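To start, the structure itself, in structure tokens.
Laboratory data are not the source of any read-out in this text; all were calculated from the coordinates shown. Computed from a predicted structure; not experimentally measured. Here the Cβ positions follow ideal geometry from the backbone for every residue, glycine too, while neighbour counts run over all protein chains shown.
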Amino acid sequence: METKVLDGQSTIDIAIQTGGSVESVFDLAIKNGLSITDSLSPSQVLTNPVVTNALVLEYYNMKGLRPATDTDSETEQGIEFWYIEHDFIVS
């Protein structure tokens, strides 16, 4: 089975989404000729890893979860990305 990468997804995101655990990242990398730290491109198609935790996989599918944690901190803006100790004076 194959999965299309969404914007902001990392190899670990895909491993959890399609294999049910972080440990699946190694199988995902081998099957797709990647390093576990390689950046992925949106719409890139990857062969799914072996399922290592069916309960997590079932939960993600039931809820329609598609994690996307690969962010570029240089372009992040907004209050959720501010550093309290740097951007605010606390007295």
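Among 9-19, 25-35, how do they line up by average Cβ neighbours within 10 Å per residue, starting with the highest?
9-19, 25-35
Once amide H atoms are built 1.01 Å from N in the peptide plane, which residues 5 or more positions from Ser10, or in another chain, come under 5 Å H to H?
Thr69, Asp70
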